[in-house]
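Everything below concerns the one structure shown next.
The values are calculated or read from the model by the stated rules, or taken from the named source; none is laboratory data. Since we're looking at a predicted model, the values are computed, not measured. Virtual Cβ from ideal backbone geometry, glycine too; neighbours counted across all protein chains shown.
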């Protein structure tokens, strides 16, 4: 099921989206699923930050940033699916979009993983694992999209190295969030 057939993946009941992923259709694929994973991770980070005590002066800022990252990641699920469908149908501008969209997801995900690590370190101990889970989802999304960038570019495009660097940074942040240290 393509997002264009149903409007938006975000409007589907969860079960329908989950059933659409393994279907023999070009979308949703890795990029769309990564965007959803990053969005879910951002939601966990925002939730965990909301549970931080009133004394945490950065709480409102962190919640706002997590919500901003979620709002940026969500529509990229549909954008990635549309770009891939256009690419498969031979659209001339789709080749650039199937690289640019995963790059954007990597950038969002890396920032989110660092934010999650901050919440795990400084937020409420009781929801530290939720912040760490958000970091893990962000790191996974970054890894998936760095791979998509590498596979979809031609020649020595500098975005390949940049996406790999950001994915590595996201993984390091997730590792540090795991125990609330660093």
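If you scan the stretch 116-149, which residues turn out to be over 18 Å from residue 36 (Cα atoms) and within 17 Å of the chain's Cα centre (by Cα)?
Listed by number, the list holds a single entry, 117.
Results for (1) modelled with pLDDT under 95; (2) touching a strand residue (DSSP E or B) at 6+ places or on another chain (Cβ under 8 Å); (3) over 15 Å from residue 96 (Cβ atoms); (4) outside any helix (DSSP H, G or I), shown as yes or no for each residue.
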position: 127; (1), (2), (3), (4): yes, no, yes, no
position: 131; (1), (2), (3), (4): no, no, yes, no
position: 134; (1), (2), (3), (4): no, no, yes, no
position: 137; (1), (2), (3), (4): no, no, yes, no
position: 142; (1), (2), (3), (4): no, no, yes, no
position: 146; (1), (2), (3), (4): no, no, yes, no
position: 149; (1), (2), (3), (4): no, no, no, no
position: 155; (1), (2), (3), (4): yes, no, no, yes
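Go through the stretch 68-103 residue by residue and tally those that are surrounded by fewer than 18 Cβ atoms within 10 Å (Cβ to Cβ), touching a residue at least 24 places away in the same chain (Cβ under 8 Å) and under 26 Å from residue 161 (Cβ atoms).
Of the residues in that region, 1 qualify.
Do you know which residues across the stretch 16-29 are touching a helix residue (DSSP H, G or I) at 6+ places or on another chain (Cβ under 9 Å) and either without any contact (Cβ under 8 Å) to a residue 12 or more places away in the chain or crowded, with 19+ Cβ neighbours inside 10 Å (or both)?
Answer for the stretch 16-29, where residues must be touching a helix residue (DSSP H, G or I) at 6+ places or on another chain (Cβ under 9 Å) and either without any contact (Cβ under 8 Å) to a residue 12 or more places away in the chain or crowded, with 19+ Cβ neighbours inside 10 Å (or both): 17, 20, 27, 28.
Can you pull out every residue in the stretch 1-15 that is at pLDDT 80 or above and surrounded by 13 or more Cβ atoms within 10 Å (Cβ to Cβ)?
Result: 8, 9, 10, 12.
Could you please tell me which pairs satisfy a Cβ distance under 9 Å, a separation of 6+ or placement on different chains, a first residue in the stretch 37-49 that is on the phi < 0 side of the Ramachandran plot, and a second residue that is outside any helix (DSSP H, G or I) and surrounded by fewer than 23 Cβ atoms within 10 Å (Cβ to Cβ)?
Once the first residue is on the phi < 0 side of the Ramachandran plot and sits in the stretch 37-49, its partners that are outside any helix (DSSP H, G or I) and surrounded by fewer than 23 Cβ atoms within 10 Å (Cβ to Cβ) give 48/124; 49/56; 49/58; 49/124.
Within the bounds of the stretch 91-107, is there any residue that is part of a helix (DSSP H, G or I), more than 14 Å from residue 149 (Cα to Cα) and in contact with a helix residue (DSSP H, G or I) (Cβ under 7 Å, 6 or more places away or on another chain)?
Scanning the stretch 91-107 turns up no residue that is part of a helix (DSSP H, G or I), more than 14 Å from residue 149 (Cα to Cα) and in contact with a helix residue (DSSP H, G or I) (Cβ under 7 Å, 6 or more places away or on another chain).
Consider the stretch 155-171. How many of its residues are surrounded by fewer than 21 Cβ atoms within 10 Å (Cβ to Cβ) and touching a helix residue (DSSP H, G or I) at 6+ places or on another chain (Cβ under 8 Å)?
Number of matching residues: 7.
Would it be correct to say that residue 177 is at pLDDT 95 or above and part of a helix (DSSP H, G or I)?
Values: at pLDDT 95 or above: no; part of a helix (DSSP H, G or I): yes.
It is false that residue 177 is at pLDDT 95 or above and part of a helix (DSSP H, G or I).
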